[in-house]
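Starting off with a structure, shown below.
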Amino acid sequence: MKPISRRTVLRGAAGTALALPFLDAMERTARADDGAAPNRYVTAFCGCSLGHDQDAFTPNAEGLGYDLKDSLAALGPGTPDNGRYDIQSSVSVISGLRIPSLPYSETPTEPATAIDTFHVGLQAPIFSGTSSHTNSFYVSPDGDDIGNGLPPQGPTSQYLVAAAIGAGTVFPALDYKIGGSSATSIRGCMSYRTEGDEVIAVANVASPQQAYNSLVGQANFGGETESDLRRDFLFRRRLSALDLAADDASRLSRRAGLGAADQRRLDRHFTELRELELRLTALNDFEPGAGCELLADPGPNPAFDGVWANESARATTFHELVRLAFICDLSRTASLMYSAAQNLINLGPATGYNAGIHTLTHSSGFGAAGNYAEQLNAQMAAVVAWHVEQFAQLIGMLADTPDGPDTTLLDHTALVFLPEGGSVPNAHARGNYSMLVAGHAGGLAAGRHFRIPDEHPARVVATAMAAVGAPAELGEISGELPQLFLPGAR
Amino acid sequence: MVFVLQTACYSGFSPDIPAVGDGDGGMDAGTASSSGDGADGDDASEDELPHYAFTQIRRLSPAEYDASVLDLLGLVTRPSAELLPLDEPDSDEDYAFDNSYEHQVVSAVLIEAAQTLAEEATSALTEDPERLASVLGCTPTGLDDEVCLRSFVVDFGRRAFRRPLSEEDIQRFMALSRCPADALDPDVCGFATQDQEFSSGVDAVIQAFLSNPRFLYRIEEGTPVPGQEGVFRLDGYEVATRLSFLLWGRGPDAWLLDKAEALELETAAQVREIASTMLKTDAARAQLGRFHAQWLGYQQLPFDATLGDRMGAETQALVERVVFDEQLPWSELFLADETFVDSVLAQHYELPAPEGTEPQWVSYGDTGRGGILSHGSFLFSGAVGTVTNPVKRGRAVVTRLLCTPIPMAPPGIAPPDPDASECKEDVLEQHAEASCAACHNQMDAIGVGLEAYDTLGRFREAEPNKPQCVITGDGTFPALGNIAETTTFRGPKELGELMLDSGLLQACAATQLVRYGLGRNIRSSNPAIHPEDLAFTRAMATQFGESGRMDLLLLDFVTSTPFLHRRVVSQEDQ
């Protein structure tokens, strides 16, 4: 056997040397030049509003040590076995927010003609800070069908943050979707990036197994599972096939007979193949630093059994991958779609209430028994509580992971958690909107309840961006909220 | 050109395609003109056909991917949908197909999942020497057996890419089994079926085929049609591929590719003959079942495997009997007075149980059941939990089965909160108020006519746990298509008859088939629509109205100008 150098010069089947801009970057460790740990950023989405006529989310008390209502129970003292993570001191609640009417993104003042809808693409406007397109059943004044499912008018915060602080990591961003079954959710995208002038949807990874394979399966963790020689062989073979595929995509996209849309599609396919080649190369040359240890293979995805796809177990795997990516500095940003807007995930096995989430929010449960309103309030609180519990699990993992002397990952992370709607007796509530900000990056004032009447939720997102060192500029929304930082932190 | 939908319910529903049937009822002014000043204004008359349809290249759907890999390797390791990202559904609720290029987005997840799937399948193949040998088609004499390698690449490549490889391609794929220039150890890189220290070169080749864009996409180019800007005549291989994915749900096999090579897919008559042969296969039966399941919404069967599998088989049996075995008028799908059940399912439906354990055709008698709308598979569609929702059922019938759009409720309107003690029909009465009534009166009343059947298709006379809530099952069908006045009905059989009499069901079937076949939502409210598309769809609907047979509709469609051509939007128009 000949010795192998990790620093291989890659040659594709066609003999073309690949450009490897990541290689220089891979020399660095998770430490910046001054030895400080990098910041990380997480966005999370809960695809339901906060309740009917009872707010089980927003604390009564403001400031430190706020009261924990039913939906926030997971933040309180206890153990993970009981779904309690004891992390309230790292989590702030921001309440009183309001998603503006469309298309008036920034001003909370509503014209009489305001269209009171945010459903379609909701997560895109609040994560991108741009006006949404309206529901397709409405037409613009000049008669155009504005359309459904159109992208927002700018990238979501994660990609702005990735550009600011993620340079050199193998994955600029991780995009994971927890609501697993294809049969139970729609509107499944919360991430958009820009390519030139175009805003492009980023498909998220809904399979924990695929996420593991992508992040860990092909990374070099020091030869624990395969010999260096074998890994190198498989790596080269993968590269050769990808190289040929990319070459074909490129050739096809230049065929004159194809339409412009076909050419664009193949061109994008080519670009994605090239980016995968670069990621694989970087992962092959990856050298794990302190605390970066191989994660066990999660095995096959939890199956959809007709009710649910064990979303709790899926969330745990995705959280472990986020933690791993952060401590190994494979990525510094992650988005987690716990459930999609208007989703029909049935959390019955976790909450005891057997109904699709969207069905609950619209209280259209024909045939409910007992006190209908009371029961719906309890069900909605349980559904939101499940989402908060998942989010709390990730926060707990970050809090338990050392990242530098006397600090943890949570000290260098900002996380935001946004629900689909607020809490008023209207399934499409835009007002009385509350969200969570967690972590201590940048001197965030954690563990407090802030009431900020009629502020745009995206403004809070911009503040979290600022906390991790990115400009607080998000589409049409800009400027951090200074009260969300500790005195003297800014 | 778009419809202004806000007011649709106030001026009556506007079917996308006029009703067919009843002799001259097809282009009845009353059904065609209420759509406002939209696309109808420029309708080309049928005399101006043929039209050319806009299409784009399509990625294989997860089901098409699985079927194609199965054909190539004889195995699949898992349903690819477990790893491939889900395409966003169409925003139109009546478009339910999984193969629309309009929603196929290229992403890192797609690329990585395709890579993983290719590697998994290849590993599984190389662990099964017998299967591998049959896939190879020859036995390599050694690592340097270029003859066997070449014959494998030529044959496998033609089927994977659905057309012959060029000599350059053959060389490029053969090269994959050899070591790269800076090989570590030349001995491990040869072409062999024996598991060498690091596996063999053959899986490198297979893996490369399966993750290549020419496998993942149906690339179409064709030959420019003189005088027709942006129009191309598909070549025989491309026609074979369209035929195969439409009629079989998978890529063409060697027989079909041979037909293309022998220039036996050049004329419409030739295509019709080949397609007729293709329809005589099990693959065609399964595929037509998939089309109906996606359109009618029963691809998700009840989760209880005991019932779900039986209901799936029940419905598939009816589709096959009507379309293939007895070549009956397609309307029989909605009229059949027998159903294919075993004793378990018969008992479930409270029908006389057939003898023995195998399913048999059992008469519905005077139960009020009839046709596919009586099946548990259909009645389960759209169910959330175990409670029926007559609004959703009625809405699905009008929008999806009759291709007649209904606007969504205006935003900010909360549905009435039912009190636990209230009967469902009382709750629905709140919909009869003010602005809600225009739409709700029509769709609710259809759903009410199916209320006597629960989400599993069982008959009932009262709501569960509410004996005071007696279900009358008396529904009302709105004035739609050839049905001039609202008409009362009871149960699935009478509903099916009204839907057929409206002429909209057959028109909608033809419309949905064209959408499925072209991989695109052709609908008047779609901003990307072209009047020619609608006119073509109408022509297909008219032909279907005349023949009444689904197999003939398929043959008419695959020999139509749009099916045999592609048309692209020029750069300037985009």
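For region B:419-501, run through the trypsin sites (Lys or Arg not before Pro) and keep only the ones in DSSP coil with at most 15 other Cβ atoms within 10 Å of their Cβ.
Counting only loop positions with at most 15 other Cβ atoms within 10 Å, the trypsin sites (Lys or Arg not before Pro) in region B:419-501 are B:Arg458, B:Arg460.
Of B:Ala346, B:Thr357, B:Leu328, whose Cα points farthest to the positive end of the dipole of region B:323-368 (charges on the beta-carbon: +1 Lys, Arg; -1 Asp, Glu; origin at the Cα centre)?
The residue sitting most towards the positive pole is B:Ala346.
What are the chymotrypsin sites (Phe, Trp or Tyr not before Pro) within region B:56-130 that DSSP puts in a loop, where the Cβ has at most 15 other Cβ atoms within 10 Å?
When the chymotrypsin sites (Phe, Trp or Tyr not before Pro) of region B:56-130 are filtered for loop state and at most 15 Cβ neighbours within 10 Å, nothing remains.
Determine the shielding of peptide A:208-219 by partner chains: average, over its residues, the number of Cβ atoms on other chains within 10 angstrom of each Cβ.
For this peptide, the per-residue mean of nearby foreign Cβ atoms is 3.
While we're here: So how much accessible surface do A and B hide from each other in total, probe 1.4 Å, in square angstrom to the nearest 100? The partial results should precede the final answer.
Numbers: alone 20870 and 25530 Å², together 39190 Å².
What A and B bury together is about 7200 Å².
Shielding of A:348-355 by partners, i.e. mean partner chain Cβ atoms within 10 Å per residue?
Across A:348-355, the average partner-chain Cβ count within 10 Å equals 1.
Inside 10 Å of the C-beta atoms of B:64-76, what's the mean count of C-beta atoms belonging to other chains?
Numbers: counts 0, 0, 0, 0, 0, 0, 0, 0, 0, 0, 0, 0, 0.
Whole-number average of other-chain Cβ neighbours for B:64-76 is 0.
Going by average Cβ density within 10 Å per residue, which order do the peptides A:330-339, B:151-160, A:196-205 take, highest to lowest?
Listed from highest to lowest mean packing, they are A:330-339, B:151-160, A:196-205.
Of the GluC sites (Glu not before Pro) in region B:304-342, which ones lie in a loop per DSSP and count no more than 11 other C-beta atoms within 10 Å?
B:Glu326
The values are calculated or read from the model by the stated rules, or taken from the named source; none is laboratory data. Quantities reported herein were computed from a predicted structural model and do not represent experimental measurements. Heads up, the Cβs are rebuilt from the backbone with ideal geometry, glycines too, and the neighbour counts pull from every protein chain shown. Quick note on the areas: whole protein, heavy atoms, side chains included, nothing else; ligands and nucleic acids left out. Shrake-Rupley method; radii C 1.70, N 1.55, O 1.52, S 1.80 Å.
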